[in-house]
Amino acid sequence: MSGRMKCAIGSSSCRSSQRLRKLAYAHHRLVAIHPFTNGNGRAARLVTDLLAYNYGYQAVVLYQREQGEARTHYLAAIRQADDYDLRSLQQLIGAQLRPLA
């Protein structure tokens, strides 16, 4: 089985860097396709949390509403991902990944 097949989104057989890349990709794609009239960011964060949990991590807190600067960094990372550069979003997510206890 190829490495791609082994590391499908949500698969626990991925390396850490692959997991981070897939978390960022899945999060951004949900934000980018904007499937709902309202709550797209919340839905993307929920899916990111579910995938993180499946990978053995706690929920990912990308920003809290009260912390305006963190939200600004998050939105900048989303805009950068719009240009196919997921590095900033990966860094934001990676900084929040904590193993399940």
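Results, tabulated for the structure shown:
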quantity	calculated
Filtered residues of region 8-28 (kept if farther than 21 Å from Arg45 by Cα and at pLDDT below 75)	Ser13
Count - residues of region 29-64 that are part of a loop (DSSP other than H, G, I, E, B), of a type outside the set (Gly, Ala, Ser) and under 25 Å from Leu100 (Cβ atoms)	7
Tyr84 being part of a loop (DSSP other than H, G, I, E, B) and modelled with pLDDT under 95	no
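The values are calculated or read from the model by the stated rules, or taken from the named source; none is laboratory data. Remember, it's a predicted structure, so these values are computed and weren't measured experimentally. We place every Cβ from the backbone using ideal geometry, glycine too, and count neighbours over all the protein chains shown.
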